[in-house]
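A.B. asks: Pasting in a structure now, in structure tokens, and then I'll have a few things to ask.
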Amino acid sequence: MKVAGLGQCSLDNLFIIDSFPKPDTKKEVIDWTTAGGGPVATALVGLSRLGIDCSFYGITGDDEAGKKIADSLKAEDVDIKGLIVRPQSCSQVAFIAVEKGSGRRTIFWKRPSAAPLKPEEVPGDFLDNTDFLLIDGLMTAASFHAVRKAREQNIPVMLDAGSMREGMIELAGLCDYVVASEEFGRELFGNSGTFDAEAAVRHMCSFGARASTITLGDRGSITIAGDEVFRTPAFRVKVVDTTGAGDVFHGGYIFGLLKKWDIKDVVRFASAFAALKCRQLGGRAGIPTLRETEDFLSAHV
């Protein structure tokens, strides 16, 4: 089985602090690491650890960060022939402060100075022998191009709807699965009043997807498939860092779909896969193997 992903990649600099400091003060960090990140890129790393062949399409600059991003994907056996390096450009980078104990984090990031991936830069054969396509909608024109190509070939598509970017609603209407953050759900309703997750996920039904899910952090997730709405609780683990948990959730979700599991089993697996990731600092270091995830699920029947 093979999954193609088109979207964002980043170099994350993460550090743990005992508490968030006040302005104009200093704060010593407890631990520090640098790792590859980005929604689609990290989801593919998760899938690769589960034994799925993956290929990534996106852009970096020709800087040191770009080389580290590429190396981080190659180290996880993700095919990066579709990763274009823009000359005289800076890659996307992030600085992430993680609170010790809670795993909550604050992200400071800078988008790449390089131009987005263009539709004509996506190879004509990029979906050959591919079973699934994952996009995050960041590079709008290339995303629409990729989704339309997938639809022509009856290849299912998932949209990682992290936030309400330009064209996201239209893009969602072309996808088979939409897995969104709580932020996206709130923005869908204009961030007004108390957030009603069930109302939001029911509204997402209008996109026409086979199933739509909103992730809710430590409150689990809510999914609609057909006429059925169901909630999946979050698994409890010793949390070090929640960075990348949503991205890993997407990877686990796609894995379950590839295995043709019932949607409730798909979401439960994705939840466990994401929870186990949170045991280590960084978006990828804690991503478990298939055996680890299966053993964890067996112990939490």
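The values are calculated or read from the model by the stated rules, or taken from the named source; none is laboratory data. In this text, all values refer to a predicted model and were calculated from it rather than measured experimentally. Virtual Cβ from ideal backbone geometry, glycine too; neighbours counted across all protein chains shown.
A.B. asks: Determine whether residue 48 is farther than 23 Å from residue 129 by Cα, hydroxyl-bearing (Ser, Thr, Tyr) and in contact with a Cys (Cβ under 6 Å, 6 or more places away or on another chain).
C.D. replies: Numbers: farther than 23 Å from residue 129 by Cα: no; hydroxyl-bearing (Ser, Thr, Tyr): yes; in contact with a Cys (Cβ under 6 Å, 6 or more places away or on another chain): yes.
No, not satisfied.
A.B. asks: Show the residue pairs meeting these rules: Cβ distance below 9 Å; 6+ apart or different chains; first residue within the stretch 158-170 and on the phi < 0 side of the Ramachandran plot and buried (at least 23 other Cβ atoms within 10 Å of the Cβ); second residue hydroxyl-bearing (Ser, Thr, Tyr) and assigned to a loop (DSSP other than H, G, I, E, B).
C.D. replies: If the second residue must be hydroxyl-bearing (Ser, Thr, Tyr) and assigned to a loop (DSSP other than H, G, I, E, B), the pairs left are 160/181; 161/181.
A.B. asks: Now a separate question. Among the listed residues 159, 138, 174, 134, identify the single one that is closer than 16 Å to residue 119 by Cβ, in contact with a helix residue (DSSP H, G or I) (Cβ under 6 Å, 6 or more places away or on another chain) and not in a helix (DSSP H, G or I). Give the derivation first.
C.D. replies: Numbers: 159 fails: closer than 16 Å to residue 119 by Cβ; 138 fails: in contact with a helix residue (DSSP H, G or I) (Cβ under 6 Å, 6 or more places away or on another chain); 134 fails: closer than 16 Å to residue 119 by Cβ.
The conditions single out 174.
A.B. asks: Something else about it: Pairs, please: C-beta under 8 Å, at least 6 apart or cross-chain, first residue within 17 Å of residue 250 (Cα to Cα) and part of a loop (DSSP other than H, G, I, E, B) and in the stretch 1-30, second modelled with pLDDT under 90 and hydrophobic (A, V, I, L, M, F, W, C)?
C.D. replies: What qualifies is 7/138; 8/138.
A.B. asks: If you scan the stretch 259-289, which residues turn out to be farther than 13 Å from residue 248 by Cβ and modelled with pLDDT of 95 or more? Explain how you work it out, then say what you get.
C.D. replies: Going through the stretch 259-289, the residues farther than 13 Å from residue 248 by Cβ turn out to be 259-268, 281.
Correct list: 259, 260, 261, 262, 263, 264, 265, 266, 267, 268.
A.B. asks: Now, a different point. Can you name every residue in the stretch 107-150 that is in contact with a Phe, Trp or Tyr (Cβ under 8 Å, 6 or more places away or on another chain) and more than 25 Å from residue 209 (Cα to Cα)?
C.D. replies: Residues satisfying the conditions are 107, 108, 109, 117.
A.B. asks: Give me a count of the residues in the stretch 230-253 that are within 24 Å of residue 203 (Cβ to Cβ), out of contact with any Gly (no Cβ under 9 Å at 6 or more places or on another chain) and either in a helix (DSSP H, G or I) or at pLDDT below 95 (or both).
C.D. replies: The number of residues fulfilling the criteria is 1.
A.B. asks: Also, quick follow-up: Please work out which residue is farthest from residue 231 (Cα to Cα), limiting yourself to the stretch 284-301 and to residues that are out of contact with any Leu (no Cβ under 7 Å at 6 or more places or on another chain) and free of Cβ contacts under 8 Å to residues at least 60 places away in the same chain. So that I can check it myself, show each step before the final result.
C.D. replies: Within the stretch 284-301, the first condition is being out of contact with any Leu (no Cβ under 7 Å at 6 or more places or on another chain), and the residues that meet it are 284-285, 287, 289, 291, 294-295, 297-301.
Next, from what is left, pick out any that are free of Cβ contacts under 8 Å to residues at least 60 places away in the same chain: 291, 294-295, 297-299, 301.
Values: 291: 25, 294: 21, 295: 22, 297: 17, 298: 20, 299: 20, 301: 16 Å.
The qualifying residue farthest from residue 231 (Cα to Cα) is 291.
A.B. asks: Continuing with this model, one more query. Among (1) touching an Asp or Glu at 6+ places or on another chain (Cβ under 8 Å); (2) part of a loop (DSSP other than H, G, I, E, B); (3) of a type outside the set (A, V, I, L, M); (4) buried (at least 18 other Cβ atoms within 10 Å of the Cβ), which single condition is residue 76 missing?
C.D. replies: Residue 76 satisfies all of (1) touching an Asp or Glu at 6+ places or on another chain (Cβ under 8 Å); (2) part of a loop (DSSP other than H, G, I, E, B); (3) of a type outside the set (A, V, I, L, M); (4) buried (at least 18 other Cβ atoms within 10 Å of the Cβ) except (1).
A.B. asks: Within the stretch 248-283, restricting attention to residues that are touching a residue at least 60 places away in the same chain (Cβ under 8 Å), surrounded by fewer than 24 Cβ atoms within 10 Å (Cβ to Cβ) and touching a strand residue (DSSP E or B) at 6+ places or on another chain (Cβ under 8 Å), which residue is farthest from residue 212 (Cα to Cα)?
C.D. replies: Checking each candidate, the answer is 281.
A.B. asks: In the stretch 109-125, what residues are assigned to a loop (DSSP other than H, G, I, E, B) and within 20 Å of the chain's Cα centre (by Cα)?
C.D. replies: Residues of the stretch 109-125 that are assigned to a loop (DSSP other than H, G, I, E, B), as a first pass: 111-118, 122-125.
Matches in the stretch 109-125: 111, 112, 116, 117.
A.B. asks: Residue by residue through the stretch 87-108, note down the ones that are in a strand (DSSP E or B), under 18 Å from the mean Cα position of the chain (by Cα) and either surrounded by 13 or more Cβ atoms within 10 Å (Cβ to Cβ) or among the polar types (S, T, N, Q) (or both).
C.D. replies: To start, the set of residues in the stretch 87-108 that are in a strand (DSSP E or B) comprises 93-99, 105-108.
Okay, now just the ones that are also under 18 Å from the mean Cα position of the chain (by Cα), so 93-96, 105-108.
Across the stretch 87-108, the qualifying residues are 93, 94, 95, 96, 105, 106, 107.
A.B. asks: Could you run through the stretch 211-247 and say how many residues are surrounded by fewer than 15 Cβ atoms within 10 Å (Cβ to Cβ) and within 17 Å of residue 186 (Cβ to Cβ)?
C.D. replies: The qualifying residues number 2.
A.B. asks: If a residue must be in contact with an Asp or Glu (Cβ under 9 Å, 6 or more places away or on another chain) and more than 30 Å from residue 101 (Cβ to Cβ), how many such residues does the stretch 209-244 contain?
C.D. replies: The number of residues fulfilling the criteria is 5.
A.B. asks: Now a separate question. Can you confirm whether the stretch 137-144 contains a residue that is surrounded by fewer than 24 Cβ atoms within 10 Å (Cβ to Cβ), polar (S, T, N, Q), closer than 17 Å to residue 4 by Cα and in contact with a Gly (Cβ under 6 Å, 6 or more places away or on another chain)?
C.D. replies: yes
A.B. asks: Still on this structure, please answer the following. If the Cβ limit is 9 Å and pairs must be 6+ apart or interchain, which residue in the stretch 93-114 that is of a type in the set (Phe, Trp, Tyr) pairs with which residue that is part of a loop (DSSP other than H, G, I, E, B) and surrounded by 15 or more Cβ atoms within 10 Å (Cβ to Cβ)?
C.D. replies: 109/92
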